[in-house]
Structures are given as structure tokens and as C-alpha cells.
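Input: a single structure, listed below in C-alpha cells.
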Amino acid sequence: NKYVTASINLLDNKKIEKFSFKNKEEINKAISILNKKKFSVTDISGKVVNRNPSGPFTTSTLQQTASSRLGFGASRTMQIAQKLYQGVEIEGETIGLITYMRTDGTNISKEAIDDFRKFIIDDYGQKYLPDNANNYSGKKAKNAQEAHEAIRPTNILRKPSEIKKYINADQFKLYELIWSRALSSQMTPAEFDRNTIIISSDDNKINFRASGSIIKFDGFLKVYQSQETDEDAKNILPEVKVGEEISVLKLIDEQHFTDPPPRFSEASLVKKMEELGIGRPSTYASIITVLSTRNYVELMSKRFHPTDRGKLISAFLEKLFSKYVDYNFTADLENQLDEITSGNIEWVEVLNNFWKDFYQN
């Protein structure tokens, strides 16, 4: 027996959208129509879909990924990274294993890329190497300073398996994550065979669609598994032929509710701060620590909930100091500091503008 799970796509020649069925009555009516029809496979199409690797880590993406994959909080991630950066003792010599871990740059030095490319050919073979180096500098964070490279191993030849005996378990996990993400960022895309089966009623007024993917070539996934891949590979469709009859085994009618947006976790808060241009790579972890140590928030099942104290202070600041807690205030101030540096405005003027209003407040 071959089973396929398909979603309804067309009913009575009308396309089914998110809110097509308003209530239980309409669903029951649809089910009774579907139960009377005969169905067969009317179309099978396949195409090759590429998935590109993600760029190497910046501070913010490292904190987010270490949180979701390893369960490390932002400050723990930074402490471990600091140690890997400062160096561990290998054969009597202190060696820094990763580049600077406070960065919003996504580029990698040319020398390192050359090393990566040689390593990919030697260890994985020509088909894992793109014709040209992959470039990630297009995706900029708001107010990114990009003074440093992305986070990468100082020497790609130091494989995690060879370094394992010199570092502790947490350091190994983080090093392996950084090593594989940096290397995979310079590899070829993964290729999936994406197949779609259309199942239609005899009168063609109703159809169902089922899609699934099979990995055709693993590319960068050989080194770095991305979470979304598992979703893709889950739906493996059976071999079917056009014209094959399909009997409906079960019609599943599920009610879905629209959830409110989830509360912030450490990872999603870091991501949001970066989008809004709040903080710097060096301050994400300390901002989060301050929120907790001052009891502005409490952490419940890994999500932040504001305390009464937090809500009170927030309301107070928004009412009386709205200008200074505005998301753009720090960003504007950064711009003014740049202007001072380039000699376009006088620093006294900048301080004066700030102080007059602030003093009155």
C-alpha cells in the first residue's frame, strides 16, 4: 500500500485559502461532497531546488544558534567564545582557536577563504567547491560597523575532532559549531528533488496537492546540518503514475487558532535588537543579563515575562523620557558622533542639544 498526505487546493473550482472555511458546518458540507467523488493522480511534476548555505557567524547569529541548538544563554556563549579566542594550550603552546567574537561583519579574509577552498577540495572533493568564493557582505545589520571579520576558526585545518582532547565539552560544542558553519559557508548549495503530485476528482472541480523533497546532492549539508532540512526531507512521496486511482482513506479536518506572537527568548530578543539597531555585538549579552539581574523580567520556560517592576519603569520612561528610549535615539547619536569625527559638527553643539532638554526633563 502507498499512502500520501495531501492538502485540499481546489473545491468546486474555487481555490482554498487560509480562511475559506468559516465554520464546522461548511467543513461538514465539504466533507460530504468529497466522500461522493472518485479521485485519481492527474499530474506529477518535479524540479530541482537549491538551498544555499548560511553566512558565517556574527555575534548575534552565534548567540541565536548556540541558544537554539546547544541551549547556551547569550552570556555563556560569549564566555566560552572568549576562551576560544584568547587561546587554549595545545602541546605546550597557547593557541587562539577562533577570530574575534564581537563582530557584526559577515566577510572572511581572502587568505582564510583560500585556505577554506583548499581544505574543501582536499577533504570533500571538487563538487563541494563553488566556482567562486561565496560572498555574504550584502546582508547588513542596522548601523553595522563591520570592523572585524565574521567569526571563524583561525586555522581550518584544526578539525574539531583533533582539538577535542585539549578543550572541555562546552568549548568543543561551540568550536564545532563555529568551525562547521564557517566552512559550510564556502561550499556548494544542497540540491533537492522537489516533487508535487496533484490528485483530482473525475470532474476536475476538486484537487489536492502533495509535495515532498529528496536530497539529491548534500553540498554544504555534508558539514553543517540546517534545521529546515529535516522538514524538507520528512515528506518523501511514494512512486505513483498519472491516471492511478486514489481512494480517500481519511479526511482530516483540524481547527487552527491564530496565536499571539510568542514572548521573546534570549535568541529572538538578540535578533530583534539587531534589527532595531539597539546595542552592539559587545552589548547584547550584557543587556540581557541586566534585564534579569535587576528583576525587570523573569524567565519562565525559556521566555521573558516582564515583572511589575519592569512594566512600571518602562511606562515611566516612555511617558517622561520618550525621546531617549526611542529606538532611533542611540542610532541618531551614533550618526552625530560620526559627524563630529569627520569634523562636520562641533561636539559642544551636540552635547548642548542633548543636555538642554534632558536637564528640563
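Annotations
- Residues that are more than 15 Å from W179 (Cα to Cα) and β-branched (V, I, T) were ranked within region 48-67; the one that is surrounded by the most Cβ atoms within 10 Å (Cβ to Cβ) is V49.
Residues checked against (1) of a type in the set (D, E); (2) outside any loop (DSSP other than H, G, I, E, B); (3) within 29 Å of G87 (Cα to Cα):
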site	(1), (2), (3)
A147	no, no, yes
K173	no, yes, yes
M187	no, no, yes
S211	no, yes, no
L249	no, no, no
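- Of all residues in region 71-90, those that are over 24 Å from M273 (Cα atoms) have Cβ atoms under 7 Å from Cβ atoms of residues that are in a helix (DSSP H, G or I) and among the hydroxyl-bearing types (S, T, Y), 6 or more apart or on another chain, in L84/Y175; V88/Y166; E89/Y166; I90/Y166.
- Candidates I345, I340 - the one that is open to solvent by less than 70 Å² (accessible area, probe 1.4 Å) and assigned to a helix (DSSP H, G or I): I340
- Close contacts from region 50-65, counting a first residue that is farther than 17 Å from M78 by Cβ and a second that is open to solvent by 40 Å² or more (accessible area, probe 1.4 Å) and at pLDDT below 95, with Cβ to Cβ under 6 Å and a gap of 6+ residues or different chains, come to N50/E191.
- Among residues of region 86-133, those that are within 27 Å of the chain's Cα centre (by Cα) and open to solvent by 40 Å² or more (accessible area, probe 1.4 Å), counted: 12
- Test result for E318, in a helix (DSSP H, G or I), open to solvent by 100 Å² or more (accessible area, probe 1.4 Å) and touching a residue at least 40 places away in the same chain (Cβ under 8 Å): no
- Cross-chain or 6+ apart pairs with Cβ under 6 Å, region 17-33 first and more than 12 Å from L251 (Cβ to Cβ), then modelled with pLDDT of 85 or more: F21/I27
- Residues considered: R263, R280. Of these, the only one that is in contact with a His (Cβ under 9 Å, 6 or more places away or on another chain) and either charged (D, E, K, R) or not in a loop (DSSP other than H, G, I, E, B) (or both) is R263.
- Reported count of residues in region 244-288, each being touching a residue at least 40 places away in the same chain (Cβ under 8 Å), surrounded by fewer than 11 Cβ atoms within 10 Å (Cβ to Cβ) and either touching a strand residue (DSSP E or B) at 6+ places or on another chain (Cβ under 6 Å) or within 30 Å of T103 (Cα to Cα) (or both), is 2.
For every residue, the table says whether it meets (1) closer than 26 Å to Y3 by Cβ; (2) crowded, with 17+ Cβ neighbours inside 10 Å.
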residue	(1), (2)
N23	no, no
I27	yes, no
I33	yes, no
V41	yes, yes
G46	yes, no
R69	no, no
A74	no, yes
Q82	no, no
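- Some residue of region 231-243 being assigned to a loop (DSSP other than H, G, I, E, B), under 20 Å from the mean Cα position of the chain (by Cα), surrounded by 12 or more Cβ atoms within 10 Å (Cβ to Cβ) and small (G, A, S): no
- Against the numbered list (1) in a loop (DSSP other than H, G, I, E, B); (2) closer than 16 Å to S75 by Cα, I287 comes up short only at (1).
- Here is the figure for region 324-360: residues that are within 30 Å of A267 (Cα to Cα) and in contact with an Asp or Glu (Cβ under 7 Å, 6 or more places away or on another chain) total 1.
The values are calculated or read from the model by the stated rules, or taken from the named source; none is laboratory data. Predicted, not measured: the structure shown is a model, and the values here were computed from it. Note: ideal-geometry Cβ built from the backbone for every residue, glycine included; neighbour counts use all protein chains shown. Calculation scope for accessible area: heavy atoms of the full protein, side chains included, ligands and nucleic acids excluded. Shrake-Rupley method; radii C 1.70, N 1.55, O 1.52, S 1.80 Å.
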